[in-house]
């Protein structure tokens, strides 16, 4: 099957993913193979693949809460038969939440709800989200600029779980499941050996691998690369990513899998080489940089996560939370340190003014550090908070990753509120 013109422009970098998102926003179907489709509604919602069998449909993932009904309607425009099995590629809500709409439909029709199959750790993830519900709601709200957001919990748990690999046959369709660790510890990629169709889940997401999110639990760059190499060895003819358009053709599928693996292997190798020489986290961060040729590939753009964040995650995977700076082992309260520095330089305003000057000179990293010290030393000084807000805004403007922009924006908004003498709203 040939790719459409928009895909070709995505592949050569002349089109942006926002254009593809707009094109599929009505609910689009990609015909993957005979009796197999993938449904897309937006880049930010995981792909949903439907396989028609003699026993009913098999769905790979189910969409997120706000697109679940739309996605199910699109599936129903193609096939109105019973849904026999749902496979979760991992436990994130943009892949699992749609099962609620699927169950409601089954109940209304008076038929059995589909069985859910997933890796064993999906259940543990759902339990963890309930235990940390308040924190998870705050973090998700910050990451996606939705103050007051409440993370949805309570999705139905898997009926059947597996550990390393699993094989099932539904209505004559053979389906193989493989566990790997990457963005999550509960990830599955799905292989249809007789079709040579691979559903990668979020191991492939059309941006640089999301293995360094600053406010999420540990992610697994090295094992992510291993999983991509496993997929490469399968030699898929069709690759269905967790997010973004379907890739047709063995050569292109191999390319996207191999390039992603190589990028991750590079970061792991270079980080470990320095760690094994005793380098601190700061030294590693200054030295390990992703080669430009990787970041120039349209499917490895550092648009969501940032390779620097991945280096931090890799370091902490091997080294724990201590970064090698003795001042950080049992640090003084941040407010005390800020007050002491302000006193040494002649007041918090001096710190803020220097931060503003550094910001104008393009030294945003140092500027943000000094602005935060000034803000902590004088939290009620509206003029200092205004400078802080300006410095943070300039840092946001210069930040390439959506994640970096989002978290900086949390504190920029707080500084703006303080600059106007307004109470800072709860996260």
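The values are calculated or read from the model by the stated rules, or taken from the named source; none is laboratory data. This one's a predicted model, so the numbers in the text were calculated from it and none came from an experiment. Heads up, the Cβs are rebuilt from the backbone with ideal geometry, glycines too, and the neighbour counts pull from every protein chain shown.
Listing for the model above:
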quantity	calculated
Single residue of 378, 374, 356, 389 found to be modelled with pLDDT of 95 or more and within 26 Å of residue 212 (Cα to Cα)	389
Residue selected from segment 156-178 under the condition out of contact with any strand residue (DSSP E or B) (no Cβ under 6 Å at 6 or more places or on another chain) and assigned to a loop (DSSP other than H, G, I, E, B), by the criterion nearest to residue 34 (Cα to Cα)	172
Test: residue in segment 281-303 that is at negative phi, part of a loop (DSSP other than H, G, I, E, B) and modelled with pLDDT under 95	yes
Failed criterion for residue 52 (all others in (1) farther than 17 Å from residue 204 by Cα; (2) under 22 Å from the mean Cα position of the chain (by Cα); (3) modelled with pLDDT of 95 or more hold)	(2)
Filter result (part of a strand (DSSP E or B) and within 20 Å of residue 201 (Cβ to Cβ)) within segment 1-35	28, 29, 30, 32, 33
Lone qualifier among 138, 153, 116 - being in the same structural domain as residue 181 (by TED's automatic domain parsing), farther than 28 Å from residue 191 by Cα, in contact (Cβ under 8 Å) with a residue 12 or more places away in the chain and not in a helix (DSSP H, G or I)	153
Unmet criterion (only one of (1) part of a helix (DSSP H, G or I); (2) within 27 Å of the chain's Cα centre (by Cα); (3) surrounded by fewer than 24 Cβ atoms within 10 Å (Cβ to Cβ)) for residue 38	(1)
Which listed residue, of 215, 196, 181, 229, is in contact with a strand residue (DSSP E or B) (Cβ under 9 Å, 6 or more places away or on another chain) and either free of Cβ contacts under 8 Å to residues at least 40 places away in the same chain or surrounded by fewer than 19 Cβ atoms within 10 Å (Cβ to Cβ) (or both)	196
Some residue of segment 372-395 being part of a helix (DSSP H, G or I), surrounded by fewer than 15 Cβ atoms within 10 Å (Cβ to Cβ) and under 33 Å from the mean Cα position of the chain (by Cα)	no
Among the candidates 253, 211, 225, 199, residue that is assigned to a strand (DSSP E or B) and closer than 30 Å to residue 403 by Cβ	199
Filtered residues of segment 327-371 (kept if assigned to a loop (DSSP other than H, G, I, E, B) and closer than 12 Å to residue 384 by Cα)	347
Residue 55 surrounded by fewer than 19 Cβ atoms within 10 Å (Cβ to Cβ), in the same structural domain as residue 21 (by TED's automatic domain parsing) and free of Cβ contacts under 8 Å to residues at least 60 places away in the same chain	no
Residues of segment 42-93 that turn out to be under 18 Å from residue 112 (Cα atoms), in a loop (DSSP other than H, G, I, E, B) and touching a helix residue (DSSP H, G or I) at 6+ places or on another chain (Cβ under 6 Å), as a count	1
